[in-house]
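What follows is one structure encoded as structure tokens, with my remarks underneath.
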Amino acid sequence: VSRAEVNAARAKVTKDVRAYVFARERDICRICRKRPATSMHELQFRSCGGRVSKRNSVAACGDGVSGCHGFAQRHEIAWDDYGLGAEGTLVFEPTTYRAADWMQIKFGSKLISPPMVEMETAE
Ligand SMILES: [Zn+2]
């Protein structure tokens, strides 16, 4: 298998996971649940061995520098889960006042973020 084939396979996985994750979060940031999601973030950083996957990836506002994605990247937003990663409920906790301000929650509190679910529609 050539390097080009490996890279192409990785790019396809990333594209597929990204489509899945944005659909799961209904295009809303999974971290603040307020702003439109504009980028994909890995809970366990890729630099720490985290992979692009349904469990490890969330859709977030901002990019690696701005928004929730930026705060998470700088460890200004900590996360925890209940064993299912992003496929289950996530808990986000700002570790700085400015991250709390951005998330619009009180410093010292946590934001519980279950997967977005489709609203039941009355027939
Ligand atoms: Zn956000």
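Quick one: how many lysine pairs in the chain have C-alpha atoms under 22 angstrom apart, if they're 8 or more apart or on different chains? All intermediate terms of the calculation are to be shown ahead of the outcome.
Details: K12/K54; K15/K54; K34/K54; K34/K106; K34/K110.
For the chain, qualifying lysine pairs total 5.
What does the charge count near A78 come to, summing +1 for each Lys or Arg and -1 for each Asp or Glu among other residues with Cβ under 14 Å from its Cβ? Numbers along the way, then the final one.
Working: positive: R74, K110; negative: E76, D80, D81, E93.
In short, -2.
Per residue, what volume in Å³ does the Cα convex hull of region 1-58 take up?
Normalising the Cα hull of region 1-58 by residue number yields 83 Å³.
Quick check on the chain: what does the Kirkwood estimate of hydrodynamic radius come out to from the alpha carbon pairs, in Å?
Computed over Cα pairs of the chain, the Kirkwood hydrodynamic radius comes out at 14.9 Å.
With a Förster radius of 25 Å, plug the Cβ-Cβ distance of T89 and V65 into 1/(1 + (r/R0)^6) and report the FRET value to the nearest 0.05.
Efficiency, rounded to the nearest 0.05: 0.35.
Tally Lys/Arg at +1 and Asp/Glu at -1 over every other residue whose Cβ is under 13 Å from the Cβ of P36; what's the total?
+2
Where does the longest stretch of the chain lie that holds no chymotrypsin sites (Phe, Trp or Tyr not before Pro) found in a DSSP loop with 16 or fewer other Cβ atoms within 10 Å?
Result, exposed sites excluded: 1-44.
Every number here is computed from the coordinates shown, using simple stated rules; none is lab data. As the structure is a prediction and not an experimental result, all values here were calculated from the model. A quick note on method: Cβ atoms are made from the backbone with ideal geometry, for glycine too, and the neighbour counts reach across all protein chains shown.
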